[in-house]
1. Among the residues of region 252-272, is any aromatic (Phe, Trp, Tyr), buried (at least 16 other Cβ atoms within 10 Å of the Cβ) and more than 20 Å from the chain's Cα centre (by Cα)?
2. If I ask for residues that are small (Gly, Ala, Ser), surrounded by fewer than 18 Cβ atoms within 10 Å (Cβ to Cβ) and either in contact with a helix residue (DSSP H, G or I) (Cβ under 7 Å, 6 or more places away or on another chain) or part of a loop (DSSP other than H, G, I, E, B) (or both), which ones from region 1-25 would you list?
3. Given the criteria assigned to a loop (DSSP other than H, G, I, E, B) and not acidic (Asp, Glu), does Val33 qualify?
4. Out of all the residues in region 54-68, is one or more at pLDDT 95 or above and in contact with a strand residue (DSSP E or B) (Cβ under 8 Å, 6 or more places away or on another chain)?
5. Identify, from the list Gly320, Gly345, Gly328, Gly355, the residue that is surrounded by fewer than 24 Cβ atoms within 10 Å (Cβ to Cβ), modelled with pLDDT of 95 or more and of a type in the set (Gly, Ala, Ser).
6. Of all the residues that make up region 17-36, how many are in contact (Cβ under 8 Å) with a residue 40 or more places away in the chain and touching a Gly at 6+ places or on another chain (Cβ under 9 Å)?
7. Have a look at Ala76, Ala99, Ala59 and point out the one that is surrounded by 14 or more Cβ atoms within 10 Å (Cβ to Cβ) and over 22 Å from Val134 (Cα atoms).
8. Where residues in region 300-316 are among the hydrophobic types (A, V, I, L, M, F, W, C) and more than 19 Å from the chain's Cα centre (by Cα), which of them is farthest from Thr145 (Cα to Cα)?
Amino acid sequence: MKVFYSEKHLHHVQGEVYEKGTWRAGRDVPERVACLLNAACRLGFDPVEVRELQQAPAASVHTSQYMTFLETAYAAWGRVDATGERVIPSSFPIRQKAASYPDSIVGRAGYHLQDQLSPIGEHTWTAALAAASVAWSAAAHLVKTKEPTYALCRPSGHHASSDKAGGATYLNNAAIAAQCLRQRYSRVALLDIDVHHGNGSQEIFYQRSDVLFISIHRDPADYFPYFSGYACEQGEGDGLGFTVNLPLPAGSDDTTFTSALEEAISQINAFQPGALVVSLGFDGYREDPAGGFDLSSDAFYQAGQQIRSLGLPVVFVQEGGYALEYLGDLLTCFFNGYGFRDIYGCRDSRGAAHG
């Protein structure tokens, strides 16, 4: 298996973010990629650095207005009376669609940024575009060879909608990969197993029947992103029935998670897609600071087995996972379950070995 990545991810610095009434350090640190890339190489994956940045992949799922905003926001921010070095919104178009598009970068920041978890720095656009190019390159390789691929994207993408950033994501890498796969396959499934709901992915495909979107996540009634991911959201128009949300209670354990994944596997089999994209998040792990689920590493080992049982060409797109000490082992456990073995196996926080 090839692992696609870009060194340009290093230029994006999330910095502090605002959540629950206070500023805290952002969790999307560059070291995440090193942990995951080292583990992938230990598994024998062939690393492929993506150097060429292309806007066309992102433009396949995002509006031109939004992409222009991401590209120009930092420079425009520096021309207004703003004391911060990063673009962080202070006003939002709450509960209604904005009547018009603001001229001010301050207004545009609120228009395109869903929260204060996704600041834009000097090199955020470059890093996000690189992540999108990584996802497209991985999917294009699958289209050409039918071989499974791993897109090691940073920043992550599944909270980014067609014209909004959020949850530390800017361009929707998984949606971009799915769109690339549609060039060859008439039906594509997108399975999201990050602990947070993939609200951006849902929005992009909500009215489409050619991409089945399924998300397993902590119940948004008391968890980010709060406003989407409920079981009643099933798509609309041509897409009705092609969005499936499986929200789980806070602190859900391995059994609950794997049971939900079995349901997702059944739905994907019924859809009969030609290929699969997996939004691969490790933030449901019990030691992760996201604090959503109580999963051991064995849950990810089993998830790898369950996904392999589909027998589909698959692109794995990296989403969350912030417990740096455990990230490499979690990736190893997942791909051990999927069928790749290393000489070390993997261990969870209690020392139980797998693989």
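The values are calculated or read from the model by the stated rules, or taken from the named source; none is laboratory data. Because the structure is a prediction, the values reported are computed rather than measured. Quick reminder, even Gly has a Cβ in these numbers, built from the backbone with ideal geometry, and neighbours come from all protein chains shown.
1. Taking every residue of region 252-272 in turn, at least one turns out to be aromatic (Phe, Trp, Tyr), buried (at least 16 other Cβ atoms within 10 Å of the Cβ) and more than 20 Å from the chain's Cα centre (by Cα).
2. Result: Gly15, Gly21.
3. Spelling it out, it is not the case that Val33 is assigned to a loop (DSSP other than H, G, I, E, B) and not acidic (Asp, Glu).
4. Looking for residues that are at pLDDT 95 or above and in contact with a strand residue (DSSP E or B) (Cβ under 8 Å, 6 or more places away or on another chain), one finds none in region 54-68, hence no.
5. One residue alone meets the criteria, Gly328.
6. Within region 17-36, residues that are in contact (Cβ under 8 Å) with a residue 40 or more places away in the chain and touching a Gly at 6+ places or on another chain (Cβ under 9 Å) number 7.
7. Testing whether each residue is surrounded by 14 or more Cβ atoms within 10 Å (Cβ to Cβ) and over 22 Å from Val134 (Cα atoms) leaves just Ala76.
8. Leu310
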